[in-house]
Amino acid sequence: MLRTPVSQRRLDILEWLKDPVAHFPAQRRGCPAEDGVTAAAVAAKLGVRRQVADTHLELLADIGLLRTKRVRRRVYYRRDEVRIAEVARMFEKGW
C-alpha cells in the first residue's frame with residue numbers, strides 16, 4: 001500500500017471520528033467520544049482486516065491528525081482537532 005496521507009478510506013475514518021458514538025458501536029472498555037475507537041472497530045466499519053485499518057490509523061497518527069491512547073493491550077484513536085485545524089489553515093493559505 002502506498003503511504004500517502006490522502007485516500008477516501010482515511011477521509012472516511014476522519015469523518016467518522018468526528019462523532020464516534022454515532023458511527024461505532026459501544027465498546028467493552030472506554031468511551032468512544034472520550035477515549036476513541038480501536039482499530040478493530042474501524043476495520044469492521046470499513047469491511048477490511050484489522051491490519052489494514054491499523055495501517056490507515058497509524059499513518060493518520062504519524063502525521064498528527066489522530067491521537068492515540070493505550071489502555072491495556074488496545075490502542076484507541078481519536079481526532080486531534082487542533083492539528084486538523086492547523087493543517088486546514090495551511091491549505092487555505094496556499095501551502
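The values are calculated or read from the model by the stated rules, or taken from the named source; none is laboratory data. Note that the structure is predicted; figures quoted are calculated from it, not measured. Because the Cβ atoms are built from the backbone with ideal geometry, glycine has one as well, and the counts that use them run over all protein chains shown.
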Exactly one of Val42, Val87, Val21 is in contact (Cβ under 8 Å) with a residue 24 or more places away in the chain and not acidic (Asp, Glu), and that residue is Val42
Those residues that are assigned to a helix (DSSP H, G or I), more than 11 Å from Tyr77 (Cα to Cα) and modelled with pLDDT of 90 or more, I need them from region 9-21; list them, please. Arg9, Arg10, Leu11, Asp12, Glu15, Trp16
Return the residues of region 64-95 that are under 18 Å from Arg10 (Cβ atoms) and in contact with a Phe, Trp or Tyr (Cβ under 9 Å, 6 or more places away or on another chain); say none if nothing qualifies. Leu66, Arg67, Thr68, Val87
Qualifying positions in region 49-68 - in a loop (DSSP other than H, G, I, E, B) and free of Cβ contacts under 8 Å to residues at least 24 places away in the same chain: Arg49, Gly64
When residues of region 36-48 are limited to those that are over 13 Å from the mean Cα position of the chain (by Cα) and in a loop (DSSP other than H, G, I, E, B), the one surrounded by the fewest Cβ atoms within 10 Å (Cβ to Cβ): Gly47
